[in-house]
Every structure is written in C-alpha cells, then in structure tokens.
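*Asks:* After the structure tokens below, expect a handful of questions from me.
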Amino acid sequence: MVVRADLISISHSDNANKMKYWYETLAVAQRILIELGRRRRSLVLWSIFPISILLINGLILKERANLTTAKAFESAAPASLVGAALFFSCLGGSVATVVAEREQHTLKRLFVSPLSGTSYFLGIFLAHSAIGIGQVILVYAIASFLGAQFQGSILLGCAIILLSIISYVGVGFILGTQFARRTEDVNSLVAAFGVPLLILGGAFLPASLFPKSLLDIAQYNPIYHMNEALMGVWADGKDFADIESHFWFLFIFAILMIGGGWLSYRRMLRVERRL
C-alpha cells in the first residue's frame, strides 16, 4: 500500500510539473505577443511586407510567364511565404527577441524567479510560431482572394510550413545567442546570413532560372527545399512521393536546428550566470 501511495504521489507530481511547464510557456508566449500588439507599427509592417512581396511576385509571373492571375498567385504564394513572411518573422523575430531580452536583463531576472529555462525557450518558440501561422493565413487569404486555390494536400502543406517555422526559429536561437550581442547587430546579422540564402532558395527569382552551378549549391540550402516542397504541393498538386527528398531534408534540418538552438540557449544561460 505504501509503494502504491508513493507511485500515485510521483504520478501527481509529474503531472503538476507538466502543467507548470505548460502554463509558464503560455505566459511567456502571451507576454511576447502582447508586447508585439502594443507596437502596432511593427505589426502593420510585418503584414505589409509579405503582402507586397506576394503582389510583386504574382504580377511578375503573370506578365513574364503568361499565366492567369490565379495560377500566377498560386505560384507566388509559397515563395512569398517562406522567403518573406516566415523568414523575417520567425528567424529575424526570434533573433531580435533573444537579443532584446539579454539587453533588458530579462535573463538575469529569470535566474531569481520560479520560471524555468525550458518554459522560457518554449515560450519564445511558441510566440514566433503563432506569428508565422498568422502570416500564413494572411498570405493565403490574399492569394485566395485573387483567385489562387490549394492544388494539393492541405495537411502535407501544413507539415512543410511547420517544419519551416521550426527551422527558422532554431536558426534564430543559434544566431541570437551566439553571434548577436546588441540590437544593432540584428539587421546586419540577418542580412549577411539570410539575403544570399533567400536569393539562392528561389524566394525572389525562380530556381528554374538558376544555372546548374547555383542549382548544385542550392541543394544544401534549406530555403530552397522549403520553397520547392511547398510550391510542389500547393501550386502544382504534387503528392508526398514527388517532394519526398525536399520533405526529409527539411525534417532532418528542423530537428538539427531545434536541437542546436536549445544547446545554444543553454550555453547562453551559463554565460549570463557568470556575468
């Protein structure tokens, strides 16, 4: 009976800890989203940017590729989403959040509060995932209004978007914790790492225009695989077998980046404790 009581007690303790992590994660994510909501100018600009890229890409494709309006925006939406919306909100946003938290000494206060480092990490991840999902809805709502339609599996497309968000946030944690020290570093860091990868990934120029030498290099670029996978599914109606290589590249990359982001975050906490 004593052993059974101990087991029940341990079970209740584990459940309580899980709920504690869950509530703390939601609290951190809510705080970040509320702060973003208060900075309405940033929120508006984050909405305008992907919409403008979508409209520009769609109009160029319609004119130069002689496509219908619907088909042009079906093709433009994936590139605009992964190359503009998710890149700058999930990667750039997570870098900016981590750097700002360090400058504002939020991490110092974390050490003397009951909030766990795991909950803090997951909260930042959840907040930027919510922002990314909001931009997905925005981009595809505009594209649908202009006649675009989902051609393939919505579930598979959502899986690709989720892997893209995980990849971007993981990379953002690595860059924000290891390379950026001040807010001024964020723009130069994102530009130096991101813009060449965006161009090489087909976000602004279709990969079909690349010479073979650039295509060979693009095979190692995760943005290229995000773009090709989502384009294949939602613009061309391909199934999993057709985009399998892109999907598994993204899956492995996302796992590596979230692991690397977590390790980089833990290393940053150890450094901050010594300062």
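*Asks:* Among helices (runs of 4 or more DSSP H) lying entirely in region 173-234, which contain 1 or more residues that are closer than 24 Å to ILE60 by Cβ, open to solvent by 70 Å² or more (accessible area, probe 1.4 Å) and without any contact (Cβ under 8 Å) to a residue 60 or more places away in the chain? Write out each step before concluding.
*Replies:* Details: elements: 184-200, 212-218, 222-230.
Once the helices (runs of 4 or more DSSP H) in region 173-234 are filtered for at least 1 residues that are closer than 24 Å to ILE60 by Cβ, open to solvent by 70 Å² or more (accessible area, probe 1.4 Å) and without any contact (Cβ under 8 Å) to a residue 60 or more places away in the chain, what remains is 184-200, 212-218.
*Asks:* So, in region 235-246, how many residues would count as being buried (at least 21 other Cβ atoms within 10 Å of the Cβ) and over 17 Å from GLY83 (Cα atoms)? Break it down into steps so the answer makes sense when it comes.
*Replies:* From region 235-246, those buried (at least 21 other Cβ atoms within 10 Å of the Cβ) are 235, 243, 246; that's our starting set.
Narrowing the set further to residues that are over 17 Å from GLY83 (Cα atoms) leaves 243.
Final tally of qualifying residues: 1.
*Asks:* Select from region 35-74 the residues that are part of a helix (DSSP H, G or I), surrounded by fewer than 15 Cβ atoms within 10 Å (Cβ to Cβ) and over 25 Å from the mean Cα position of the chain (by Cα) and write down the one among them that is modelled with the lowest pLDDT.
*Replies:* ARG64
The values are calculated or read from the model by the stated rules, or taken from the named source; none is laboratory data. From a predicted model like this one, the values you see are computed outputs, not experimental measurements. Here the Cβ is made from the backbone with ideal geometry for all residues, glycine too, and neighbour counts use every protein chain on show. The accessibility values were calculated without ligands, DNA or RNA, using every heavy atom of the protein model including side chains. Shrake-Rupley method; radii C 1.70, N 1.55, O 1.52, S 1.80 Å.
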